[in-house]
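Here's the structure we're looking at; comments come further down.
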Amino acid sequence: MKLLVHDIVLPLGRTEEDLPRFAGRRLKIPPSQIFSIEVQRRSLDCRKGRPPRWVHAIIIEVPSHLAEKLLKQNRARVWKPEVVEVPQDRSDRRPVVVGTGPAGLFCAWRLVQGGAKPRILERGPEVVERSKRWHRFIEGGEFDPECHLLFGEGGAGTYSDGKLYTRVQDPRVPEVLQVLVDHGAPEEILVDGRPHVGSNLLPSIVKRMRVALEEQGARFYFEHRLVDLKIDEDADGRSISKIVIEKDSERFDWDVDALFLATGHSARDVYQMLAKHRVPMSQKPFQIGVRVEHPQQAIDQMQYGDSAGHPQLPPADYSLVSKRSKDDLFSFCMCPGGEILPSTEQAGYMCVNGASRYQRKSPWANSGFVITLEPATFGDDTDPLAGILFQQKIEKAAFDAAGGDFSVPALRLMDFLHGRISKDLPDSSYPRKLTPTDLAEIFPPWILDPIRTGLADLAGRFREFAHPDAIITAPESRSSSPVRIDRHPETFESSGLGRLFPLGEGAGFAGGILSAALDGMRAAENWMSNTSSIGQS
Ligand SMILES: Cc1cc2nc3c(=O)[nH]c(=O)nc-3n(C[C@H](O)[C@H](O)[C@H](O)COP(=O)(O)OP(=O)(O)OC[C@H]3O[C@@H](n4cnc5c(N)ncnc54)[C@H](O)[C@@H]3O)c2cc1C
């Protein structure tokens, strides 16, 4: 019998070779009685008031009389990981998956495991070509509306930070991590409490997953864009009969048995196309704010104090919240040793996001700081896409205010807090130009005020946060979808259009790589275990 034991603490300077001794001490058993020991989870505890330390959950094997004793004393519990049974699709139905982000890719992965042979459409290019075109743009070249940080093989996940954090307890989580490791992700993500892959490793992982899927019968169609649907309507309701695809300006149709729509939250043309077909959608809250960048050393100092620079400590991250104003301001997608990137899908609009490479070696730390906007603030409660229009207004103002050339609006943080326009800006990770900009040209006061109040609160609480070279860039407006594509809670089929299965972040049912991947897997499982789901009223 294997046992799971939590809270084995290793101070800095110790290594995992010391685990049997520390585990024995905590469990009050001789280390020699622990036959096997395996790390299940490893997290860094750097709460204030004590030096940083590593906390481990471990899986051990001990003699049965000791196992019984530990279970009785509640010092351990039986380790029995849950496994998901994949339903098998014995039909010859050929589902279509649209989008190769984590939702689409893991949906396809599950379909293939269940014996289905999906066709997978992706509007952007395959990842090698995508990387070439993306780098051309960030180094100052023209913007390509079909190939950027959001569109192309791997979706928004490809150049993301690749943080794989989730609070969700789902047996599919270790499975997703294992698939990523099997295709080239570092093995430590299986045990790290804050697993991270990095934007330099993700492209090759995505490519290897594609090759593995193709070997099992899936077919990928890059630079193929879903542009429309053809709909059958009868007494039983409305359902998709064909999809219309555009490739090199030519249009053609495919018959579909099921359309898994995993197009992400930035395919604004897809939402418009769905609205045209009266697919039920609703407004949902989303986050908006800024992205703040500090020298990484300042953040190490803030988090690790005197231990900053210790070789066992990674570049520090943080998770901060200010409740100083009526809208909580909280950090989002913090990227230690990372870079700020332009993350729009349209020329004429500006927004930012952050990423980091596996080694997190850049001298900067960046993070979104966002507030949550409720649908009541979008300006039109009758239009499900009002949140997108609101995002666009802000992103257009940002693009124009910074000169209309993908320069990012920026200020020194302390200038922003004191209501000044910066005369100069320090070096930054942002790959194109930074332009000192009055953020009041971008945000209305009811958004800007809570951001300023919250950041002033944090700068007052943490000396290093108020670093003179800290900068603020804007806007961070795509952290989540402002739209939900309504679907049945069990089958995941659209609540108004048969054969349409909206998934992932774009459907409003995920927020991040892992949750998007899990949503894709569940959608595939539901479909394979559900043989008749056609036609709805
Ligand atoms: C810079 C950056 C850093 C991030 N860092 C993290 C992180 O560290 N951790 C984390 O959990 N999340 C992170 N995210 C968010 C994460 O990437 C997304 O939550 C996730 O990718 C959403 O997955 P998805 O599959 O739902 O959609 P997406 O990844 O957006 O994929 C949608 C895909 O659909 C394709 N598509 C769109 N329209 C069409 C069409 N009409 N026809 C054909 N194809 C179409 C797109 O080209 C795209 O490939 C980051 C995002 C960015 C941009």
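Every read-out reported here was derived from the displayed coordinates using simple, explicitly stated rules and does not represent laboratory data. Only a predicted model underlies this, so the values are computations on that prediction, with no experimental measurement involved. Don't worry about glycine lacking a Cβ; one is built from the backbone with ideal geometry, like all the others, and counts go over all protein chains shown.
Structure summary
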quantity	calculated
Packing-based order for 214-224, 350-360, 148-158, using average beta carbon neighbours within 10 Å, highest first	148-158, 350-360, 214-224
Filter on 80/284; 276/396; 207/242; 48/323; 117/361; 2/207 - keep pairs with C-alpha separation over 31 Å	80/284; 117/361; 2/207
Relative exposure of 416, 330, judged by other C-beta atoms within 10 Å (fewest first)	330, 416
Mean projection area, nm², convex hull over Cα of the chain	26.4 nm²
Leading residue at positive end of dipole, the chain (Cβ point charges), from 199, 528, 294	294
Relative contact order %, the stretch 2-78, counting alpha carbon pairs below 8 Å whose residues are six or more apart	42 percent
Cβ-placed point charges (K, R +1; D, E -1), dipole of the stretch 2-78 about Cα centre in debye, nearest 20	420 debye
Euclidean distance of C-alpha centroids, the stretch 32-65 and the stretch 275-297, integer Å	38 Å
Two-site label geometry, residue 26 and residue 228: point separation in nm, points 7 Å out along Cα→Cβ	6.2 nm
Farthest positive-ward along the chain dipole, Cα basis, beta-carbon charges - from 70, 365, 226	70
Packing-based order for 11-20, 320-329, 291-300, 394-403, using average beta carbon neighbours within 10 Å, highest first	291-300, 394-403, 320-329, 11-20
Relative contact order for the chain, counting Cα pairs under 8 Å that sit 6 or more residues apart, in percent	18 percent
Stretch gain in nm, segment residue 72-residue 170, where the contour uses 0.36 nm per residue and the Cα spacing is subtracted	32.6 nm
For 333, 46, 107, order by how many other beta-carbon atoms lie within 10 Å, fewest first	46, 333, 107
Sorted by Cβ density within 10 Å, fewest first, the residues 47, 53, 412	47, 53, 412
The stretch 162-318 - charge dipole about Cα centre, Lys and Arg +1 at Cβ, Asp and Glu -1, debye rounded to 20	420 debye
Hits among aspartates and glutamates - C-alpha to C-alpha of residue 247 under 19 Å, sequence gap 8 or more where chains match	122, 126, 129, 144, 146, 153, 223, 228, 255, 269, 345
Burial ranking of peptide ranges 185-193, 363-371 (average Cβ count within 10 Å, highest at the top)	363-371, 185-193
Principal axis dimensions, the stretch 267-345 - Cα atoms, whole angstrom, descending	60, 30, 19
Mean separation of Cα contacts under 8 Å (6+ apart) over length of the stretch 286-476, as relative contact order %	31 percent
Cβ-placed point charges (K, R +1; D, E -1), dipole of the chain about Cα centre in debye, nearest 20	1780 debye
